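Notes follow once the structure below has been shown.
The values are calculated or read from the model by the stated rules, or taken from the named source; none is laboratory data. Here the structure is a predicted model, which is why all the values come from computation and not from measurement. With ideal geometry, Cβ positions are generated from the backbone for all residues, glycine too; neighbour counts draw on all protein chains shown. Keep in mind that these areas ignore ligands, DNA and RNA; they rest on the heavy atoms of the full protein, side chains included. Shrake-Rupley method; radii C 1.70, N 1.55, O 1.52, S 1.80 Å.
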Amino acid sequence: MRSISLLITGDFAPQGRILQMVKNRDYEHTFNDFSTYLEKSDINITNLECPLIETGKPIPKIGPALKAPVSSIEILKRGNFNIVTLANNHILDYGIAGLQSTIDICKNSGINTVGAGLTKYEVTRPIIYRIGNKTIGFINVAENEFSIVPTREYGANPIDIPEIYNKINELKNSVDSIIIIVHGGHEFYKYPSPEIVKHYRMLIDFGANAVVGHHPHCYSGYETYNEGLIFYSLGNFSFDWPDMRKTGWNEGYAVNLKLNNNNKLDFDIIPYKQGTTNTPGIRLLKYNEANKFNNDLAEINTVIASEELLMKQWHTYIKNMESKYMMLIQPTNRWIKALQARNYLPTIFFKSKRNRLTLLNLIRCESHREILTNILNTIKKN
């Protein structure tokens with residue numbers, strides 16, 4: 001029997017010009033020549049980065065509150081998506097109503113969801129997908145941000161190492177392969193941090209066969225570790241914010257996992273660009289673009305393979321982030337911040353709801369906390 005093909009993509013948020021394409025029912029030009037891969041894969045998976053709801057009130061949070069009309073589900077249907085992952089930092093942007101609307105519209109459209117739910121059971125529930133004679137288990141988790149409800153009675157499934165370990169053990173004897181999809185990492189940083197490398201490798205040691213990451217809004221590298229595959233960030237799949245092009249926002253890759261008869265995973269990398277100035281949809285890279293992409297990806301992989309090189313990149317990143325994070329833990333309004341940055345005013349902590357939410361996010365979210373603690377340790381040493 002032939003191998004089973006699983007196509008996994010990164011962040012999908014129907015925004016910008018894509019919304020007009022939805023309104024015009026122009027679904028074909030969302031995927032363009034990428035459609036070939038969607039049509040021939042057995043299982044297509046994407047990360048639905050926003051709730052599908054018409055109206056509503058956003059929750060108190062730091063960062064933008066995203067949503068898309070329920071008619072956006074037609075894009076997913078036309079893309080032959082079987083599964084959408086919901087564990088991300090935006091799925092609860094419009095509260096439990098937005099989450100329920102999203103789950104309902106996916107269910108009614110024949111699309112499975114994983115990584116979020118309306119009950120404690122649904123939140124942490126893996127999804128088991130059977131195709132041919134193969135059974136694949138998917139676990140989806142996200143870093144602890146505003147989509148995570150502390151009681152876990154609803155919302156997104158948080159990264160909880162003991163919980164993930166238990167879920168992997170529950171699945172081991174009933175599936176042929178275990179795929180963990182993680183929404184986390186450092187935005188616009190194209191390397192995994194030391195902690196992320198440690199944790200993703202730990203998931204392979206627990207028994208996962210592959211770990212696939214997204215959230216940084218740029219692509220990162222991959223590695224083979226202990227017979228498992230780790231893809232640290234796929235980048236955006238469709239997120240039409242063309243003004244972000246200098247950040248790596250507009251290029252990403254899908255990973256096509258192939259599960260063979262011996263339950264071994266092979267893979268192909270499928271690079272593309274999306275949301276560019278001239279093209280809102282997804283297009284495969286041309287020959288010269290693909291060569292440039294492959295060379296860059298190979299360089300990233302070289303860094304990941306070297307602990308020394310990876311730490312060097314991380315220390316540079318921490319140094320570049322120091323002023324931003326130090327201002328965040330001494331929050332004021334933007335005018336006073338500007339004066340403080342020029343040393344015209346002393347740093348003063350002004351209490352406000354926004355300041356409290358900022359501090360909560362810095363302390364609770366794994367990636368923010370990793371940056372902050374590294375900055376404070378560096379300052380302490382100096």
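Out of the residues in region 185-210 that are touching a residue at least 12 places away in the same chain (Cβ under 8 Å) and of a type in the set (K, R), which is nearest to L234 (Cα to Cα)? Outline the logic, then answer.
Within region 185-210, the subset touching a residue at least 12 places away in the same chain (Cβ under 8 Å) is 185-197, 199-210.
When the remaining residues are screened for being of a type in the set (K, R), the result is 190, 201.
Details: K190: 10, R201: 17 Å.
In this case the residue turns out to be K190.
For every residue, the table says whether it meets (1) modelled with pLDDT under 95; (2) in contact with a Gly (Cβ under 8 Å, 6 or more places away or on another chain); (3) surrounded by 20 or more Cβ atoms within 10 Å (Cβ to Cβ).
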| residue | (1), (2), (3) |
| --- | --- |
| K107 | no, no, no |
| G115 | no, no, yes |
| I127 | no, yes, no |
| I136 | no, no, yes |
| N140 | no, yes, yes |
| N157 | no, yes, yes |
| P192 | no, yes, yes |
| H199 | no, no, no |
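Among the residues of region 30-37, is any loosely packed, with under 15 Cβ neighbours inside 10 Å and in contact (Cβ under 8 Å) with a residue 40 or more places away in the chain? Let's see the steps before the verdict.
Initial filter on region 30-37 (loosely packed, with under 15 Cβ neighbours inside 10 Å): 33, 36.
Narrowing further to those that are in contact (Cβ under 8 Å) with a residue 40 or more places away in the chain: 33.
Looking through region 30-37, at least one residue is loosely packed, with under 15 Cβ neighbours inside 10 Å and in contact (Cβ under 8 Å) with a residue 40 or more places away in the chain.
Answer yes or no as to whether I91 is of a type outside the set (S, T, Y) and in contact with a helix residue (DSSP H, G or I) (Cβ under 9 Å, 6 or more places away or on another chain). Give the derivation first.
On the way: of a type outside the set (S, T, Y): yes; in contact with a helix residue (DSSP H, G or I) (Cβ under 9 Å, 6 or more places away or on another chain): yes.
When the stated conditions are applied, I91 passes them.
Go through region 1-41 and report how many residues are among the charged types (D, E, K, R), at pLDDT 90 or above and more than 22 Å from the chain's Cα centre (by Cα).
Step one: of region 1-41, the residues among the charged types (D, E, K, R) are 2, 11, 17, 23, 25-26, 28, 33, 39-40.
Within this subset, residues satisfying the condition of being at pLDDT 90 or above are 11, 17, 33, 39-40.
Now drop any that are not more than 22 Å from the chain's Cα centre (by Cα), which leaves 33, 39-40.
So the count comes out to 3.
Mind listing whichever residues of region 239-284 are closer than 26 Å to S3 by Cα and aliphatic (A, V, I, L, M)?
Residues satisfying the conditions are A254, V255, L257, L259, L265, I269, I270, L284.
So, restricting to helices (runs of 4 or more DSSP H) that lie completely within region 1-77, which ones have at least 2 residues that are of a type in the set (K, R)?
17-23
Please indicate, with yes or no, whether at least one residue in region 11-25 is touching a Gly at 6+ places or on another chain (Cβ under 6 Å), crowded, with 16+ Cβ neighbours inside 10 Å and of a type in the set (V, I, T). Give the derivation first.
Initial filter on region 11-25 (touching a Gly at 6+ places or on another chain (Cβ under 6 Å)): none.
No, that holds for no residue.
Please go through region 54-67 and give me each residue that is at negative phi and in contact with an Asp or Glu (Cβ under 9 Å, 6 or more places away or on another chain), ordered by number. First the steps, then the outcome.
Restricting attention to region 54-67, the residues satisfying the condition of being at negative phi are 54-55, 57-62, 64-67.
Residues satisfying the conditions are P58, I59, K61, I62, P64, A65, L66, K67.
Determine, yes or no, whether G184 is more than 18 Å from the chain's Cα centre (by Cα) and either open to solvent by less than 30 Å² (accessible area, probe 1.4 Å) or under 20 Å from N260 (Cα atoms) (or both).
On the way: more than 18 Å from the chain's Cα centre (by Cα): no; either open to solvent by less than 30 Å² (accessible area, probe 1.4 Å) or under 20 Å from N260 (Cα atoms) (or both): yes.
Spelling it out, it is not the case that G184 is more than 18 Å from the chain's Cα centre (by Cα) and either open to solvent by less than 30 Å² (accessible area, probe 1.4 Å) or under 20 Å from N260 (Cα atoms) (or both).
Here are A290, A254, A305: which of them is at pLDDT 95 or above, of a type in the set (A, V, I, L, M, F, W, C) and open to solvent by 80 Å² or more (accessible area, probe 1.4 Å)? I'd like the intermediate steps shown before the answer.
On the way: A290 fails: open to solvent by 80 Å² or more (accessible area, probe 1.4 Å); A254 fails: open to solvent by 80 Å² or more (accessible area, probe 1.4 Å).
One residue alone meets the criteria, A305.
In region 218-251, what residues are in contact with a Lys or Arg (Cβ under 9 Å, 6 or more places away or on another chain), surrounded by fewer than 20 Cβ atoms within 10 Å (Cβ to Cβ) and in a strand (DSSP E or B)?
E223, Y225
Those residues that are of a type outside the set (A, V, I, L, M, F, W, C) and either more than 21 Å from the chain's Cα centre (by Cα) or open to solvent by less than 40 Å² (accessible area, probe 1.4 Å) (or both), I need them from region 61-70; list them, please. Explain how you work it out, then say what you get.
The first filter runs over region 61-70 and keeps only residues of a type outside the set (A, V, I, L, M, F, W, C), leaving 61, 63-64, 67, 69.
Hits for region 61-70 are K61, P69.
Where residues in region 85-105 are out of contact with any His (no Cβ under 6 Å at 6 or more places or on another chain) and in contact (Cβ under 8 Å) with a residue 60 or more places away in the chain, which of them is surrounded by the most Cβ atoms within 10 Å (Cβ to Cβ)?
Here is the first cut: in region 85-105, the ones out of contact with any His (no Cβ under 6 Å at 6 or more places or on another chain) are 85-86, 89-105.
Still in the list and also in contact (Cβ under 8 Å) with a residue 60 or more places away in the chain: 85-86, 89-92.
Details: T85: 34, L86: 29, N89: 23, H90: 27, I91: 30, L92: 26.
It comes out as T85.
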